[in-house]
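Working notes for the structure below.
The values are calculated or read from the model by the stated rules, or taken from the named source; none is laboratory data. Since the structure is predicted, the reported quantities are computational estimates derived from the model, not experimental observations. Here Cβ is always computed from backbone atoms with ideal geometry, including for glycine, and neighbour counts include all displayed protein chains. These accessible areas exclude ligands, DNA and RNA; they are computed on the full protein's heavy atoms, side chains included. Shrake-Rupley method; radii C 1.70, N 1.55, O 1.52, S 1.80 Å.
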Amino acid sequence: MRGRCKLCLTPDVELRDSHFTPKSTYGLFHDGTNEPVRFVEKSLFPTSKQVKDYVFCGDCEQLFNREGENWFCPLLPTVGGPFPLRERVMKGRILYRDETTAIYQAADNPEIDTAKLTHFALGMFFKAAVHSWKKSSTEPYMQMEPEDVEAIRLYLLGKGDLPKRIALCITVDSMVTPLQMGVQPYRMQDTQGLKRYVFYLAGVFFQLFVGDGAAEKNVACFGVHPAHPIWMQNASIVVRNTGREEFKGARRTKKLEETLKELDEKGLSIRLGD
Ligand SMILES: [Zn+2]
């Protein structure tokens, strides 16, 4: 099928049958008996159906693979198996720890490719923001401001840095066997006066905060702080307890504030741009 690629914007190009969530992750959710569980539009149901459509050209598909997915996806846990990403994160320096939360530095951890992790995350948010991923609609799966979509598009193509109004935060599950499911990207309630987009994939919870001051307000976020902090919490319980409605945002945000304060007190806070 020919059309305009939604990443490089080349018109009348051969489009690939692109996957919304990387194809390699579908196998993660099979335990041999049960169907994988997936959230679609805030409803939860078991399905083996892969969500795909003709969206990106071959070059852009390869770009998603090369710059993010190929590194990230093999590090996710299989059902009952090891969780390589978690193990790698825990080899980093600990910036903070209490009973429920640990924050690890990824910046000087040779086992974490921060650029590829960022590219993967932004790629998922971008895919949700530029295509409906269902036959019955032409509206993007997730609403995002055009200027933000464009900034992410240029970043994904390697043509620009992420602006300061976009802050990426990553939480890896503290459990060896996390809640084995995916929640496709969607926009949550605003928080701190910022737009907030989230997705969850097999033990890894991604949040994107967008708006003026996003970087300043989320200084302990992966994509903002020079240490590239990765949070480790029991994300599975957060997801499970809030069921199919939403991830509860308020409590995490309060926790974020408290932890930030402690980071400041311990002198671990590093100024932006350092
Ligand atoms: Zn393209």
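On the given criteria, is Gly81 more than 16 Å from the ligand (Cβ to nearest atom) and either assigned to a strand (DSSP E or B) or modelled with pLDDT under 95 (or both)? Steps first, please.
Numbers: more than 16 Å from the ligand (Cβ to nearest atom): yes; either assigned to a strand (DSSP E or B) or modelled with pLDDT under 95 (or both): yes.
So Gly81 passes the test.
Take Ala115 and decide whether it is open to solvent by less than 40 Å² (accessible area, probe 1.4 Å), part of a helix (DSSP H, G or I) and aliphatic (A, V, I, L, M).
On the way: open to solvent by less than 40 Å² (accessible area, probe 1.4 Å): no; part of a helix (DSSP H, G or I): yes; aliphatic (A, V, I, L, M): yes.
For Ala115, the condition - open to solvent by less than 40 Å² (accessible area, probe 1.4 Å), part of a helix (DSSP H, G or I) and aliphatic (A, V, I, L, M) - is not met.
Which one of these is under 21 Å from Ala106 (Cα atoms) and in contact (Cβ under 8 Å) with a residue 12 or more places away in the chain: Leu157, Leu201, Leu179, Leu194? Steps first, please.
On the way: Leu157 fails: under 21 Å from Ala106 (Cα atoms); Leu179 fails: under 21 Å from Ala106 (Cα atoms); Leu194 fails: under 21 Å from Ala106 (Cα atoms).
Criteria check complete, one pass: Leu201.
Evaluate the following for Pro185: is it under 14 Å from the mean Cα position of the chain (by Cα) and at negative phi? Before the answer, list the steps.
Numbers: under 14 Å from the mean Cα position of the chain (by Cα): yes; at negative phi: yes.
The answer is yes for Pro185.
Going through the range 171-200 one residue at a time, which ones are among the basic types (Lys, Arg) and open to solvent by 40 Å² or more (accessible area, probe 1.4 Å)? Write out each step before concluding.
As a first pass, look at the range 171-200 and keep what is among the basic types (Lys, Arg): 187, 195-196.
Scanning the range 171-200 gives Arg187, Lys195.
If you take the residues of the range 10-42 that are of a type in the set (D, E, K, R) and at pLDDT below 90, which of them is nearest to Val79 (Cα to Cα)? So that I can check it myself, show each step before the final result.
As a first pass, look at the range 10-42 and keep what is of a type in the set (D, E, K, R): 12, 14, 16-17, 23, 31, 35, 38, 41-42.
The next check asks that each one be at pLDDT below 90; those that pass are 23, 31, 35, 38, 41-42.
Details: Lys23: 16, Asp31: 6, Glu35: 12, Arg38: 15, Glu41: 24, Lys42: 23 Å.
Residue satisfying both the conditions and the ranking: Asp31.
Which residue pairs have Cβ atoms closer than 9 Å, lie 6 or more positions apart in sequence or on different chains, and pair a first residue in the range 1-29 that is farther than 26 Å from Leu179 by Cα and free of Cβ contacts under 8 Å to residues at least 40 places away in the same chain with a second residue that is within 10 Å of the ligand (Cβ to nearest atom) and outside any strand (DSSP E or B)?
Note: pairs meeting the criteria are Arg4/Thr10; Pro11/Arg4; Pro11/Cys5; Asp12/Arg4.
So which helices (runs of 4 or more DSSP H) stay within the range 162-274 end to end and still have 1 or more residues that are under 28 Å from Phe20 (Cβ atoms) and modelled with pLDDT under 85?
On the way: elements: 214-217, 235-241, 250-265.
Once the helices (runs of 4 or more DSSP H) in the range 162-274 are filtered for at least 1 residues that are under 28 Å from Phe20 (Cβ atoms) and modelled with pLDDT under 85, what remains is 235-241, 250-265.
Can you pull out every residue in the range 201-224 that is open to solvent by 10 Å² or more (accessible area, probe 1.4 Å) and more than 14 Å from the chain's Cα centre (by Cα)?
Gly211, Asp212, Gly213, Glu216, Lys217, Val219, Val224
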